[in-house]
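Single-structure report; data block below.
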Amino acid sequence: MARIDALAKLTGRAVYAADVDLPGLCHAAVARSPFPHARVVAVDPGPAREVPGVIGVFTAADLSPGRYGRRVRDIPLLAGPEARFAGERVVAVVAESRIVAERAAARVRIEYEELPAALGAEEALAPTAPAVHEAAWSYPGAVVTPDDPPNLQSRVLHGSPEDAERALAGSAHVVDRTYRLAAGHQGYLEPQACAARVDPDGRVHVWMANKSPYRLRHQLAECLELDPELIEIHPVTIGGDFGGKGSPMDAPLCVELARRTGRPVMLVERYHEDLTSANPRHSGRVRVRVGCDGEGRLTGFHVDALFDGGAYAGFKPLPTVTLHGLEEVGSSYRVPAAAVEVRICYTHTVPRGHMRSPGAPEAVFAFESALDELAHEAGLDPVEIRRRNLLADGEPNPWGTTWVEARGRATLEAALDAYRPLAVPPGWRHGRGIAVYDRPTRPGRASLRLVPDGDRLIVETGLPEQGGGAHTVLRQGLARALGMEPDRIEVRQVSTAGLPPDDGVGGSRVTATLSVAVARAAEALRAEGGPVTVTLDPATVPPVTSYCVQVAQVAVDPGSGQVRVLELLTAVDVAEVVNRDAHRLQIEGGAVMGYGLACLEDLLLEDGRVWAANLGEFRIPSPVDVPGLRTVLVPGGRGIGVLGVKAVGELANVPTAAAIANAVADAVGVRVRDLPITAERVHRGLAGGEGEVGEEEAQGGER
Amino acid sequence: MRLRFQLNGEPVEAEVPGDALLLDLVRGRGLTGTKEGCGVGVCGACTLLLDDRPVSSCILPAGCVQGREVWTVEGVARRHPEIVDAFLRHEGLQCGACTPGQVVMAAALKLRGGEPDEAAVREHLAGNLCRCTGYRAIVESVRAALGS
């Protein structure tokens, strides 16, 4: 079934935010702070104003003092008087063209006084560390108090540390290991982009690469103290998201610039700006202590995660201001006593945001690596320790949730059945590694409007298309619910003025949400005729969980430490699959993203600055890098809604790093505990005998 | 600087600053199918055909098109409907940001001739990054477009 959006994208007709053309459109560029922490002493806009084509030059003092955020509202439109990371917006220039705006921005004279900076998570929590914010607890949405360490963004504690300690003390085997993850970037190919227009009557219009338009409207209204009804977010195609396109980013600034200049204003980031100053992935470390009894049954674990949130907390949407994947560590197993503490702190580095299943690749890399290390201690096969501990139906996970079904074991066996060892080059060693992940599927809030049009049907949605195939799935799902041919249904994304609020894209929830919403809409249409509008309340739908088991095969050169990932075999626990092609792409694209995290991606954050500041330095997988991909679906699960579906978007990218690290350990006995797994790190392990790679990098900075 | 060149099969004239980029030249004419990705010539989103060879328009001065022939994704899609059709059938896209570059690269390979195997197709696409698909479907689409 072809995608609805495919033809427009293949012929160059799809309109993305940077393609929007508005009468009188002008362009903004920003001058950014070069220092991790500095006071803006003086700004001389004179040289910029003299550039022909410049319309205006603006500092923080010229614009709304409001701050924005997805939860914590701590992000200013422009920095001033303090700049809190290298790359922060300090001065904005509006001009007739983008290139003129950029040249003028480079000519603004900004005098800075460099200040002491807190550059790493451990360092930032020391009592003597420079405070990133004077009173972080005072921001709306903050979850910290004046009694907390000044650089804390959030602290979450689950389970019972006392029970976990007792269980570990009584265990036959215990490992205590710390794993580290470099900062990364979502790597969407369309950089952050938005355009704004303010009508003379005060109505605000925004076109933006943003996956949750109704939330954007709310966030803009809060920041700029506007009535949300006066703000309209218009639909555009989104050029990739992976968690990074859910914030207001440059939109509040664009709206203010449009208001002050009386012209529509567009701001499209250059890719180096996106890498150094948008909302990349958190870096951090996860310490895992996990034990088992003499038969390899898990007795307890205690996980302590400390992550660097950068200069602002406002790119995290959860009410707890944490990363949900970290909180849910160990969720696939039966563990009698568990505790997890997650701390995220402010530092004078680029603010961090969400990336595809936030916190989960990090938690799973640590936990699934530790599980292999524990199996090694206990003299057990890595497969066996998982077989003995994966949840069975009816058993609660360590955090007290009992799912309607737990198909981890079946998914593991399906992966092992499909596994076939591949040949390695002469002299290289073969290794196999396994890792497991499960994540819940929970529908979100969604609204649909059905408008019959002769023998055709128009369906209006507020859901953007960010690449996952939401609009195609909507058409297929509705066709099934109504017993219509899909080609008689036209999907239209409407602006935020058109429908009641919709949660937008995220949390692997779109297909599940639509699965419930299309049934309600079809029911309403049959009962009332058209046009009908339905809104789904997600609280009424019980969630399910889905498992993903990945088996990585690697070849390692024992001389150089070079690692070649030969194959990623991904087994996924599914119910019904609405669109086989789109479903497969989510799995394959996920596995390749997991491979990037495992082996390539590192923003090289040093001295508070991103050094991998272009896509040549920050390497994401290319067509010639990627391993062989095999996918095994494990059908028969119980899904959600009339289509009977389970989440897939944020599964296959999660276990990959652990599977590859486990495979490398299997191949050459070197345990790499720092990502990415580079030849240098493996080589260091090989040179040092039985590998202990990672600990020597524990001190100082980000890496 | 005054430029005369062929754009998607039509003769055109354009007046551009001497330091304008080819990417801005075509986008400025409303051909926004060509995308700016990395801006430094490594991701392939801005790929165009210049005299039937693929180039990164984000790092090429506009002046280099003088008297030459440029094809953007809009023109390539009209000239090679079989490529569009192959990508549709093999679902070789998701978000679409890299897609214009992939379509143009498929045309470049077709124009070069020969019967590339899978490895050669991958090698040909090595400079066209995609963050969504994992590439298998793109490689299949390009191979189908070539009839291989």
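Run down A:Gly170, A:Gly202, A:Gly187 and say which single residue is assigned by TED's automatic domain parsing to the domain that holds A:Ile238 and at pLDDT 95 or above. Please lay out each step first, then the result.
Working: A:Gly170 fails: assigned by TED's automatic domain parsing to the domain that holds A:Ile238; A:Gly187 fails: assigned by TED's automatic domain parsing to the domain that holds A:Ile238.
None of the other options fit; the residue is A:Gly202.
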Quick count over the stretch A:668-688, residues being assigned to a loop (DSSP other than H, G, I, E, B) and not polar (S, T, N, Q), is 7
Kindly evaluate A:Val206 against the criterion of being within 27 Å of B:Cys132 (Cα to Cα) and more than 20 Å from the chain's Cα centre (by Cα). yes
For the stretch A:53-65, which positions are in a loop (DSSP other than H, G, I, E, B) and under 15 Å from A:Ala105 (Cβ atoms)? A:Gly53, A:Thr59
Filter result for the condition that a residue is within 10 Å of chain A (Cβ to nearest Cβ), surrounded by fewer than 20 Cβ atoms within 10 Å (Cβ to Cβ) and without any contact (Cβ under 8 Å) to a residue 60 or more places away in the chain, over B:Leu88, B:Leu93, B:Leu60: B:Leu88
Looking at A:Ala370, A:Ala360, A:Ala423, which is the one that is without any contact (Cβ under 8 Å) to a residue 12 or more places away in the chain and touching a strand residue (DSSP E or B) at 6+ places or on another chain (Cβ under 9 Å)? A:Ala423
Filtering the stretch A:461-515 down to residues that are among the hydrophobic types (A, V, I, L, M, F, W, C) and either outside the structural domain of A:Val532 (by TED's automatic domain parsing) or within 25 Å of the chain's Cα centre (by Cα) (or both) yields A:Leu463, A:Ala470, A:Val473, A:Leu474, A:Val505, A:Val510, A:Ala512, A:Leu514
So is B:Cys130 facing another protein chain (nearest Cβ under 7 Å), within 20 Å of A:Glu588 (Cβ to Cβ), in contact (Cβ under 8 Å) with a residue 12 or more places away in the chain and out of contact with any His (no Cβ under 7 Å at 6 or more places or on another chain) or not? no
Restricting to the stretch A:13-31, name every residue that is surrounded by 19 or more Cβ atoms within 10 Å (Cβ to Cβ) and either under 25 Å from A:Glu102 (Cβ atoms) or more than 9 Å from every other protein chain (Cβ to nearest Cβ) (or both). A:Tyr16, A:Ala17, A:Ala18, A:Asp19, A:Val20, A:Cys26, A:His27, A:Ala28, A:Ala29, A:Val30, A:Ala31
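Can you list the strands (runs of 3 or more DSSP E) lying wholly within the stretch A:177-276 that have 3 or more residues being among the hydrophobic types (A, V, I, L, M, F, W, C) and away from chain B (no Cβ under 14 Å)?
Those strands (runs of 3 or more DSSP E) span A:193-198, A:204-208.
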Residues satisfying the stated conditions in the stretch B:63-82, i.e. at the interface with another protein chain (Cβ under 8 Å from one of its Cβ atoms) and in contact with a Lys or Arg (Cβ under 8 Å, 6 or more places away or on another chain): B:Glu74
Per the filter on the stretch B:10-21, residues buried (at least 17 other Cβ atoms within 10 Å of the Cβ) and within 14 Å of chain A (Cβ to nearest Cβ) are B:Val16, B:Ala20, B:Leu21
Within the stretch A:571-614, work out how many residues are among the β-branched types (Val, Ile, Thr) and at the interface with chain B (Cβ under 10 Å from one of its Cβ atoms). 2
From the residues in the stretch A:521-559 that are of a type in the set (Gly, Ala, Ser) and part of a loop (DSSP other than H, G, I, E, B), which one is surrounded by the most Cβ atoms within 10 Å (Cβ to Cβ)? A:Gly530
Sole exception among (1) more than 10 Å from every other protein chain (Cβ to nearest Cβ); (2) touching a helix residue (DSSP H, G or I) at 6+ places or on another chain (Cβ under 9 Å); (3) surrounded by fewer than 22 Cβ atoms within 10 Å (Cβ to Cβ) for B:Ala145, by number: (3)
So B:Ala137, is it touching a helix residue (DSSP H, G or I) at 6+ places or on another chain (Cβ under 9 Å) and either of a type outside the set (A, V, I, L, M, F, W, C) or facing chain A (nearest Cβ under 8 Å) (or both): yes
Would you pick out the residues in the stretch A:143-168 that are closer than 20 Å to A:Ala337 by Cα and buried (at least 21 other Cβ atoms within 10 Å of the Cβ)? A:Gly159, A:Ala164, A:Ala167
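The values are calculated or read from the model by the stated rules, or taken from the named source; none is laboratory data. Just so it is clear, the structure is predicted and the values come from calculations on it, not from any experiment. Methodologically, a virtual Cβ is constructed for each residue, glycine included, from the backbone with ideal geometry; neighbour enumeration extends over all protein chains shown.
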